[in-house]
Amino acid sequence: MRMRRGSIVLSSLLLSMSLIAAGCGSNNSTNNEAANNKASNNKTNTSNNAGTANTATNTAADEKKALDPYEVVMVYPDPNQSDLGTVQAAMNDYLKKTYPDMNMTVKLSPIDWSAYSDKLNLMMSSGEKFDLLWTANWMNFETQVNKGALLPLDDLLNEYGPDIKSVEGDLLEGARRKGSIYGVHVHQELGNPQGVALSKELVDKYHIDLSPLKSGEFKDLGPILKQIKDAEPGVTPAVGPSFPLGAYFGSGSMENITGPIGLDQRDTNPDDQYKVVDAYETPRYMELAQLTHEWYKAGYINKDATTPGIDIWKKFQAKTAFAAIGTDLEIVKDMKIGEPSLMANKSTQLGMDIIQVPLNIDRLHTSKLSATLQAISQTSKDPARAMMLLNLFYKDKNLLTLFNYGVEGKHYVLNNGQIDVPAGKTKDNVGFFHDNQWQLGNQMLNYTRVGEDPNKYLNYEQFNEQVKSQSSPLIGFVFDSEPVKNEMIAVSKVQSTFDPGFQSGQLDPEKELPKMIDKLKSAGLDKIIAEAQKQVDAWRAANGK
Amino acid sequence: MRGNNWTNVLINIGLILLSLVCIIPFWLVLMVSISGQNALAKYGYSFWPKEFDLVAYKFLIHDAEPIIRSFGVSIAVTVIGTVASLAITSALAFSLSRQDFPYRGALSLFVLVTMLFGGGLLPWYLVYTKLLHLQDTMMVLIIPGLIGGFNVFIMRTFFTTSIPPSLIDSAQIDGASEYRTYFNIILPLSLPVLATIGLFVIVNYWNDWFTSLVFIKTDTLYNLQYFLYNTLMNAQYLQSVADKAHIDVSTMQTQPLEELRMAMAIIAVVPVALVFPFLQKYFVKGLTIGAVKG
């Protein structure tokens, strides 16, 4: 009896173990096989399609060979739109009418923002079929490239992306990894101005002179904040979370490589502009941190600046805020440091006038060129067709408008050449209010919305020229963090405990900054610096800089 | 006696403090949900609203459709899931509790293994999507929560300790079949443990947002928790988009009002809070009986 029970237990144990093992094993191998099959299918597909397309172009003079019908699945983050089906049908009608020879339909497959990275990850790992996807360097682009979820696009771009190439040109290089382009840059503004946003009401009330800001220095804002602090007890002179150290420091002084590592563009050693340093150890960081701390002590800064999810614009609406510092500003015509202008979008949105004064204008950074991308999934059955569709979004205003704004008359009306919601509707009940122009195609083809500067995209073009004329010394360089992965995690942990305190002025940099630097060093910061320097040097040698 | 009194006082104070720790955040949420639109921006959170306003609840009623729908999904999933889960769990636990059940050890081990090891997210996803093709259906919200190894073992312990085998024997001598024994004798005697496990399962189904996140695409199938999570996280993501990519999101959806989120949280909590008192008496009994060997 005893024996038997024992043997049953043992055999059941073995059985379940082997079942588990078999389960895992077979799962994995089928996965791999599936992936391999997919990959090889893709390859054959690509070559087949390329072949057919080639013959199509070759024999175009005689007779065009029709492509098989194909549905291009587009995956991108967006909240649910109740009229998505209508828009998709309209896009398909339009494609059928305008580009019959491409013989393709689209399937719009938006995923909620909250679930986007998780779901996309699962879709990729499970080999689900989809074609175009939106990605970004801050949305796992590097990981996706590393695990082979995206297709290299160079050949497809050459063959099916002429309009993409003519619009983007060199800007496509920003998404080149390990020798191939893995994402198509969405044509958009190439940088941002950072600076101060101010309540116009208070500026007018106290006849505040904004001309000291022409210096482009945050410290010249101090006296203005003091004026408000003394005159308006109920108003916080400067509201955060973003303060000088946030956007302003990063963009204005450092050419960021990774984490706190970068090239100092301002003080340390201007002659050797390729020397990699730690941002926290630059004199400029200390200066701005001290300034912020002084402001905090003087009561210029809101105490809840480090509370997550705080909405500074609500404070403006409640008339308890005077200035927001270090925020991204709107791009206007003839942008100049220290030149006040009205924030048109923000003002309409808040129902009150906001003035902006730029204190820094970005250079052209590599990271900006992969900040919003369209890529083609490795699981696509017909990457060529996906690229053809993507190409259309760079030249066809009608198609892009359908995707961004929906159907004319139903989801939008044109009001003096600008997009408006139809009479009696609001953006909450119109059924389709997608409006993420920066997710796809050539933004400059878009209409503007009522309330926006009608010349918004002209301003963008002009602004882009300005940004491009001042390109970063590291343009084209991408840091491979693989060798120092663990150090990066440790460093970012230290950063996240100290950063909010410095940014909001709550920590005294004289005392706390050295502590932080010590902790960063023991977390392996120097190793990251050395690795970055090595990669920068190698890149310089390879690119002749 | 005196010493006892003092310990009583101390214990009471301790429990009162503990209760406050539990109740205060909830109170704060309630108060934020009924404060006026600009009050938050002006004064921040407070334990008594400086401007009283039901605007958030009015908004919820006005825009009630998705909320009612997700509420419906949550209730349907919870009710169906709990009933099915109790049926399966108790059947399995009962089988495992019987000394004369042939593969008792093997089956127990099988259950135990599911408790100790999980397959991980990807195999889980693959099974439900590639093998069973259940993605985007209500079934996928129900099935993964049906059986928990832990619940099976609690029930099994209850059956073995509180139901004497002789009772089953006598029922069978009187001519009851296995099913009849199970339904007419065992289940009525097991109300405490059914209520206890039932409560676990209800809470589990009610609070589950992750299954929806992974499998559900159609917004009509969102359950309440996921609907709330989604509303919150979408707003946060838009914020992070603006921060990380320096992209202008000003034309996109505006963030839901803070007080609106709080009102939603209140709505989500109320049903489970209402269920608890009804099950509580069983809950206490179920735990004591499980704890004392009979």
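The values are calculated or read from the model by the stated rules, or taken from the named source; none is laboratory data. The structure presented is a predicted model; accordingly, all values stated were derived computationally and were not measured. Glycine gets a Cβ as well: all are built from the backbone with ideal geometry, and neighbour counts include every protein chain shown. Side chains included, ligands, DNA and RNA excluded: accessible areas come from the protein's heavy atoms. Shrake-Rupley method; radii C 1.70, N 1.55, O 1.52, S 1.80 Å.
Residue count for the stretch A:279-333 under the criterion of being in a strand (DSSP E or B), under 27 Å from the mean Cα position of the chain (by Cα) and within 14 Å of chain B (Cβ to nearest Cβ): the result is 4. Residues in the stretch A:438-478 that are surrounded by fewer than 19 Cβ atoms within 10 Å (Cβ to Cβ), assigned to a helix (DSSP H, G or I) and either among the β-branched types (Val, Ile, Thr) or free of Cβ contacts under 8 Å to residues at least 40 places away in the same chain (or both): A:Glu461, A:Glu465. Checking the stated criteria, A:Thr98 turns out not to satisfy the condition of being within 28 Å of A:Val407 (Cβ to Cβ), touching a Leu at 6+ places or on another chain (Cβ under 7 Å) and either within 14 Å of chain B (Cβ to nearest Cβ) or open to solvent by 40 Å² or more (accessible area, probe 1.4 Å) (or both).
This table checks each residue for (1) under 22 Å from A:Pro162 (Cα atoms); (2) of a type in the set (A, V, I, L, M); (3) touching a His at 6+ places or on another chain (Cβ under 7 Å).
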position: A:Gln437; (1), (2), (3): yes, no, no
position: A:Asn442; (1), (2), (3): yes, no, yes
position: A:Asn446; (1), (2), (3): yes, no, no
position: A:Glu452; (1), (2), (3): no, no, no
position: A:Val467; (1), (2), (3): no, yes, no
position: A:Asp480; (1), (2), (3): no, no, no
position: A:Asn486; (1), (2), (3): no, no, no
position: A:Val491; (1), (2), (3): no, yes, no
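The residue list A:Phe433, A:Phe498, A:Phe502 contains one member that is in a loop (DSSP other than H, G, I, E, B) and among the aromatic types (Phe, Trp, Tyr), which is A:Phe433.
Considering the stretch A:361-389, and only residues there that are within 30 Å of A:Ala66 (Cα to Cα) and of a type in the set (Lys, Arg), the residue that is nearest to the other protein chains (Cβ to nearest Cβ) turns out to be A:Lys381.
For the stretch A:395-421, which residues satisfy the criterion of being part of a loop (DSSP other than H, G, I, E, B) and in contact with a helix residue (DSSP H, G or I) (Cβ under 9 Å, 6 or more places away or on another chain)? Lay out the reasoning, then the answer.
Restricting attention to the stretch A:395-421, the residues satisfying the condition of being part of a loop (DSSP other than H, G, I, E, B) are A:395-396, A:406-407, A:409-411, A:416-417, A:421.
Selection gives A:Lys395, A:Asp396, A:Gly406, A:Val407, A:Lys410, A:His411.
Of all residues in the stretch B:44-71, those that are within 14 Å of another protein chain (Cβ to nearest Cβ) and farther than 21 Å from B:Tyr226 by Cβ have Cβ atoms under 8 Å from Cβ atoms of residues that are aromatic (Phe, Trp, Tyr) and in a helix (DSSP H, G or I), 6 or more apart or on another chain, in B:Lys50/B:Tyr43. Of all residues in the stretch B:99-112, those being modelled with pLDDT under 90 and out of contact with any Ser or Thr (no Cβ under 9 Å at 6 or more places or on another chain) number 2.
Just one residue in the set A:Tyr394, A:Tyr412 is of a type in the set (Phe, Trp, Tyr) and more than 27 Å from B:Asn234 (Cβ to Cβ); that residue is A:Tyr394.
Note on the stretch A:70-95: among residues that are in a strand (DSSP E or B) and buried (at least 18 other Cβ atoms within 10 Å of the Cβ), the one that is nearest to the other protein chains (Cβ to nearest Cβ) is A:Pro77.
Under the condition of being open to solvent by 50 Å² or more (accessible area, probe 1.4 Å) and either at pLDDT 90 or above or facing chain A (nearest Cβ under 8 Å) (or both), the residues counted in the stretch B:211-228 number 2.
If you check B:Ala242, B:Ala235 for being within 14 Å of chain A (Cβ to nearest Cβ), at pLDDT below 85, open to solvent by less than 10 Å² (accessible area, probe 1.4 Å) and part of a helix (DSSP H, G or I), only one passes: B:Ala235. Screening B:Leu126, B:Leu167, B:Leu134 for residues that are assigned to a helix (DSSP H, G or I), hydrophobic (A, V, I, L, M, F, W, C) and within 14 Å of another protein chain (Cβ to nearest Cβ) leaves exactly one candidate, B:Leu126.
Restricting attention to the stretch A:207-234, the residues that are away from chain B (no Cβ under 14 Å), loosely packed, with under 15 Cβ neighbours inside 10 Å and assigned to a loop (DSSP other than H, G, I, E, B) total 2. Among the residues of the stretch B:90-115 satisfying the criterion of being open to solvent by 70 Å² or more (accessible area, probe 1.4 Å) and in contact (Cβ under 8 Å) with a residue 12 or more places away in the chain, which is nearest to the other protein chains (Cβ to nearest Cβ)? Among those residues, the one meeting the criterion is B:Thr114.
Has the stretch B:256-264 got at least one residue that is on the phi < 0 side of the Ramachandran plot, modelled with pLDDT under 70, outside any helix (DSSP H, G or I) and of a type outside the set (A, V, I, L, M, F, W, C)? Among the residues of the stretch B:256-264, at least one is on the phi < 0 side of the Ramachandran plot, modelled with pLDDT under 70, outside any helix (DSSP H, G or I) and of a type outside the set (A, V, I, L, M, F, W, C), which makes the answer yes. Name the single residue that is farthest from the other protein chains (Cβ to nearest Cβ) among those in the stretch A:107-120 being in a helix (DSSP H, G or I) and within 18 Å of the chain's Cα centre (by Cα). Out of the qualifying residues, it is A:Leu120.
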